1. Applying the selection to the stretch 65-87, what residues are over 12 Å from L33 (Cα atoms) and buried (at least 16 other Cβ atoms within 10 Å of the Cβ)?
2. Contact list please: Cβ distance under 6 Å, first residue in the stretch 53-75 and under 14 Å from R27 (Cα atoms), second residue among the β-branched types (V, I, T) and exposed (fewer than 15 other Cβ atoms within 10 Å of the Cβ), pairs at least six apart or on different chains.
3. Give the stretch 1-15 a look and list any residue that's closer than 15 Å to P71 by Cβ, of a type outside the set (A, V, I, L, M, F, W, C) and either exposed (fewer than 15 other Cβ atoms within 10 Å of the Cβ) or modelled with pLDDT of 90 or more (or both), or say none.
Amino acid sequence: IVSGLEALIVGTSATETDSQKATDLARSIQTELRRLGCYRMTVDGSWGKGSVRALTNYYKNTARTASATEPTVELLSDLFLHSGRVCKDPVVVRKIKPAKVASEAAPARKGAGNRKAARSQQQSSRPVAPPPDISGGIGIGGVF
């Protein structure tokens, strides 16, 4: 029954070699892990450290104990039964550069030229205005 299940899920045939079956099984599991949001690499059918890390991440997010880290048909069927994203996208934290103080950034200038430069910096730091409404104030509403 398990071999029939393997042919049904993985789509293998009797003429394929064991290495081809293993590659197809790994590729199918990687595809399912990617669908669930746990595998973020390219699906290549090579079961390596990235695949094991994705599987461990899957087990951690589903609060299950890791039974095995090798690809099996049972694992594929278990992954197939889940819907939605199990693993959330990683959060990227960017380091904020400390702002330079105006006195450190440029030497102080005396006179009216300094005020103009300060005014132009204030204008450029303002957010860009949204585009104008192209409806012309005409709204179409109601029940048709």
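1. V73
2. The qualifying pairs are L55/T69.
3. Our first condition is that a residue be closer than 15 Å to P71 by Cβ; within the stretch 1-15, this holds for 2, 5-6, 9-12.
With the extra rule that they be of a type outside the set (A, V, I, L, M, F, W, C), the set shrinks to 6, 11-12.
Once the filter is applied, which keeps residues that are closer than 15 Å to P71 by Cβ, of a type outside the set (A, V, I, L, M, F, W, C) and either exposed (fewer than 15 other Cβ atoms within 10 Å of the Cβ) or modelled with pLDDT of 90 or more (or both), the stretch 1-15 yields only G11.
Here's the yes/no breakdown for (1) at pLDDT 90 or above; (2) crowded, with 18+ Cβ neighbours inside 10 Å; (3) among the polar types (S, T, N, Q); (4) not in a loop (DSSP other than H, G, I, E, B):
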{"residue": "Q30", "(1), (2), (3), (4)": "yes, yes, yes, yes"}
{"residue": "S46", "(1), (2), (3), (4)": "yes, no, yes, no"}
{"residue": "G50", "(1), (2), (3), (4)": "yes, no, no, yes"}
{"residue": "R53", "(1), (2), (3), (4)": "yes, no, no, yes"}
{"residue": "T56", "(1), (2), (3), (4)": "yes, no, yes, yes"}
{"residue": "A63", "(1), (2), (3), (4)": "no, no, no, no"}
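The values are calculated or read from the model by the stated rules, or taken from the named source; none is laboratory data. Every value quoted in this text rests on a predicted model; they were computed, and no experiment measured them. Glycine also receives a Cβ, built like all others from the backbone with ideal geometry; neighbour counts cover every protein chain displayed.
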